[in-house]
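The values are calculated or read from the model by the stated rules, or taken from the named source; none is laboratory data. From a predicted model like this one, the values you see are computed outputs, not experimental measurements. When we count neighbours, we look across all protein chains shown, and the Cβ atoms used for this are built from the backbone with ideal geometry, even at glycine.
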């Protein structure tokens, strides 16, 4: 009985920290980037920060909601490609509906839309990575290319969006 109570309390505290992630200050390193990201989201899917993800990364399924050319340049280690325009829900076939899932894209807009699709498909524990892969890089976290080899390249979608990745942290490609 004690183990069940401890497990329940752990779930409650983790849930509260994830819910609070969308209202925490300093969700990104750059306050201007934070404002930009915030302007695109409607929080239909709970947001999680990079710092929160790092704490729980071993217990989540990561889904990359960018396009294949972006994913192939680099992605977060362990992420599965699901795409955006050509969302591939078959990638989800082996994932339990209650498994914790974190979806990301470049900044969080496309991943929020994919998170909405996950909810419609019955996935009850999905989160959107606030600032997504751009913030992941800005916080000095590792990337891998399509072969799974460490890389410093990042697809920034286009020149306009590349300004949100801190200079010197990655080679920007679009």
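Only one of these is at negative phi, modelled with pLDDT of 95 or more, surrounded by 15 or more Cβ atoms within 10 Å (Cβ to Cβ) and touching a helix residue (DSSP H, G or I) at 6+ places or on another chain (Cβ under 8 Å): 40, 81. Name it. Don't jump to the end; show me each part of the working.
Numbers: 40 fails: surrounded by 15 or more Cβ atoms within 10 Å (Cβ to Cβ).
On inspection, the qualifying residue turns out to be 81.
Selection of the range 147-174 for residues being touching a residue at least 40 places away in the same chain (Cβ under 8 Å) and under 14 Å from residue 67 (Cβ atoms) yields 154, 155, 156, 157, 161, 173.
Being in contact with a strand residue (DSSP E or B) (Cβ under 9 Å, 6 or more places away or on another chain), without any contact (Cβ under 8 Å) to a residue 24 or more places away in the chain and not in a loop (DSSP other than H, G, I, E, B) narrows it down to one residue among 119, 57; which is it?
Residue meeting the stated conditions: 57.
Listed conditions (1) in a strand (DSSP E or B); (2) farther than 19 Å from residue 45 by Cα are all met by residue 147, apart from (1). All conditions in (1) surrounded by 13 or more Cβ atoms within 10 Å (Cβ to Cβ); (2) on the phi > 0 side of the Ramachandran plot hold for residue 138, with the sole exception of (2).
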